[in-house]
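Report on one structure; see the data block that follows.
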Amino acid sequence: MLKRVFCRYADCQASFEVVSGRFPKECPVCYRPAMWGTAEGNTLKPPKRRPRVPFDLNLNDLKLLRRLRIKPGD
């Protein structure tokens, strides 16, 4: 049975037909490690570096950080 899968890298998005669940280890178009998805346009997004909403640390948060020997703000 054939199944069409798509490369999840945003700049590639090539499609490939998979037979019997045997996926290639790398994308045949962009030659990067394979990240396959079954929906077209379902791409990987770069991770966000900062939280969307900054939050204030309460007393319990500060105690936990001190126990873990982490300075608040790092």
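Which ones in the stretch 4-25 are surrounded by 10 or more Cβ atoms within 10 Å (Cβ to Cβ), in a strand (DSSP E or B) and either of a type outside the set (Lys, Arg) or in contact (Cβ under 8 Å) with a residue 40 or more places away in the chain (or both)? It would help to see each step written out before you state the result.
So the first thing to find is which residues in the stretch 4-25 are surrounded by 10 or more Cβ atoms within 10 Å (Cβ to Cβ), and the list is 4-10, 12-16, 18, 23-24.
So of that shortlist, the ones also in a strand (DSSP E or B) come out as 4-7, 15-16, 18.
Matches in the stretch 4-25: 5, 6, 7, 15, 16, 18.
Condition first: among the charged types (D, E, K, R), under 30 Å from residue 72 (Cα atoms) and at pLDDT 85 or above. Now tell me which residues in the stretch 1-59 satisfy that. Walk me through how you get there before you give the answer.
Narrowing the stretch 1-59 to residues among the charged types (D, E, K, R): 3-4, 8, 11, 17, 22, 25-26, 32, 40, 45, 48-50, 52, 56.
From the residues that got through so far, the ones that are under 30 Å from residue 72 (Cα atoms) too are 45, 48-50, 52, 56.
Within the stretch 1-59, 56 is the sole residue that qualifies.
For the subset of the stretch 28-74 comprising residues that are polar (S, T, N, Q) and part of a loop (DSSP other than H, G, I, E, B), which member is nearest to the chain's Cα centre (by Cα)? Explain how you work it out, then say what you get.
Looking only at the stretch 28-74, we keep the residues that are polar (S, T, N, Q), and these are 38, 42-43, 58, 60.
From what is left, the residues that are part of a loop (DSSP other than H, G, I, E, B) are 38, 42-43, 58.
Values: 38: 15, 42: 11, 43: 9, 58: 31 Å.
That would be 43.
Do you know which residues across the stretch 26-41 are surrounded by 10 or more Cβ atoms within 10 Å (Cβ to Cβ) and among the aliphatic types (A, V, I, L, M)? Break it down into steps so the answer makes sense when it comes.
Going through the stretch 26-41, the residues surrounded by 10 or more Cβ atoms within 10 Å (Cβ to Cβ) turn out to be 26-30, 32, 34-38, 40.
Answer for the stretch 26-41, where residues must be surrounded by 10 or more Cβ atoms within 10 Å (Cβ to Cβ) and among the aliphatic types (A, V, I, L, M): 29, 34, 35.
The values are calculated or read from the model by the stated rules, or taken from the named source; none is laboratory data. This is a predicted model, so every value here is computed, not measured. No Cβ is skipped: glycine too gets one built from the backbone with ideal geometry, and neighbour counts run over all protein chains shown.
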